[in-house]
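Notes follow once the structure below has been shown.
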Amino acid sequence: MSPTRTRLRFIVPVLAFSLVAAACSSSGSSKSGGGSSDTSGGEKVTLRLGYFGNVTHAPAMIGLQDGEFAKALGANVTLKTSVFNAGPNAVEALFSKSIDASFVGPNPAINAYSKSKGAAIRIVAGTASGGAFLVVKPEIKTAADLKGKKVGSPSLGNTQDVALRYWLKQKGLSTDTNGGGDVKIVPGPDNGTVVQSFQQGDLAGAWMPEPYATKMLKAGGHILVNEADLWPGGKYVTTLLVVRTEFLNAHPGVVKNLIAGLSDSIAVITTNPAKAADLVSKGIETATGKAITTGLVTSSFKSIAFTLD
């Protein structure tokens, strides 16, 4: 069995089961949402939502910046947000019940589902496909050239970290979670720090989501691996939306309306990409405290498909 098929064998059944179990996915728009709560007329609900300051989380930032979420959720729902650097931290917040839903990558979602024996979370919608790359220094031409080098990832156990370790393993190069092995992987502590370490020459490369991969390209790097090349048809999940099962069971209407707002946010990207890039630029600055140009966002959009699938 090929490496790609092996990854699909483990990932697809879990995602499919989670999506079926959610029973509340919607491909509609906020026109059907209406903003009502659930079955208890006029109930006030607080929805605590997590997201990252990455372009792969663009629909989340558009939903917040452009008011798509507020319009879909309605006046009875108070939306509070938390920003995370990577999925493992968001999952811990879900487990501790400090947030109710979050945009995360597939590996932290699967780990959360597995760790809780299927009880803690449900995957309710897709968000983004694509937009992740292994960017390396010019002198790195093959996987073998990374032996003995340091390579970065956003966070230990996040989706890009797992992809990097898996790819290296397929190339016969060992890693471990303590920074040892043939290739020494240095996770985080945040995406900006990884880019800075690459710019300073401390890292030979990093497997990163957008816009950080493009930032590394602008710093003189080149793409060694486009993750899209590792998947059938170039399609793979980068970001999806998960909800605590307890919250979903208590407030299915709120979750349905959140998905409707997400659908409307994705529509902004497809119908008005210039506006979307501006919103995402502002959203990333709000999330990370660091400005990013709309041009960089627009460049990042080219490798990402935004979809509820």
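The values are calculated or read from the model by the stated rules, or taken from the named source; none is laboratory data. All values derive from a computational prediction rather than experimental measurement. To get the accessible areas, we keep the full protein, side chains included, count just its heavy atoms, and leave off ligands, DNA and RNA. Shrake-Rupley method; radii C 1.70, N 1.55, O 1.52, S 1.80 Å.
A few notes on this one:
- Shape call, the stretch 139-207: gyration tensor on alpha carbons, a/c limit 1.5: oblate
- Listed residues Glu285, Glu43, Glu227, most fluctuating in the chain (Gaussian network, C-alpha, under 10 Å): Glu43
- Where both bridge residues fall in the chain, DSSP classifies roughly 60% of the beta bridges as antiparallel.
- Shape call, the stretch 204-309: gyration tensor on alpha carbons, a/c limit 1.5: prolate
- Rolling a 1.4 angstrom probe over the protein heavy atoms with all chains in place gives the chain an accessible area of 41 Å² per residue.
- Calculated over the chain: convex hull of Cα atoms, volume per residue (Å³): 120 Å³
- Sequence-separation-based contact order of the chain, relative, with Cα cut under 8 Å and 6+ spacing, percent: 29 percent
- Within the accessible surface of the stretch 75-154, defined with a 1.4 Å probe on protein heavy atoms only, the carbon and sulfur portion equals 51 percent.
- Working value for the stretch 98-218: equivalent-ellipsoid semi-axes of 27, 17, 12 Å, each the square root of 5 times a Cα gyration tensor eigenvalue, largest first.
- The portion of the accessible surface of the stretch 160-245 made up by carbon and sulfur, rounded to a whole percent, is 47 (1.4 Å probe; DNA, RNA and ligands excluded).
- Taking all pairs of distinct alpha-carbon atoms in the stretch 111-162, Kirkwood radius in angstrom: 14.4 Å
- The shape of the stretch 43-97 comes out oblate: with a ≥ b ≥ c from the C-alpha gyration tensor, a/c is at least 1.5 while a/b does not beat b/c.
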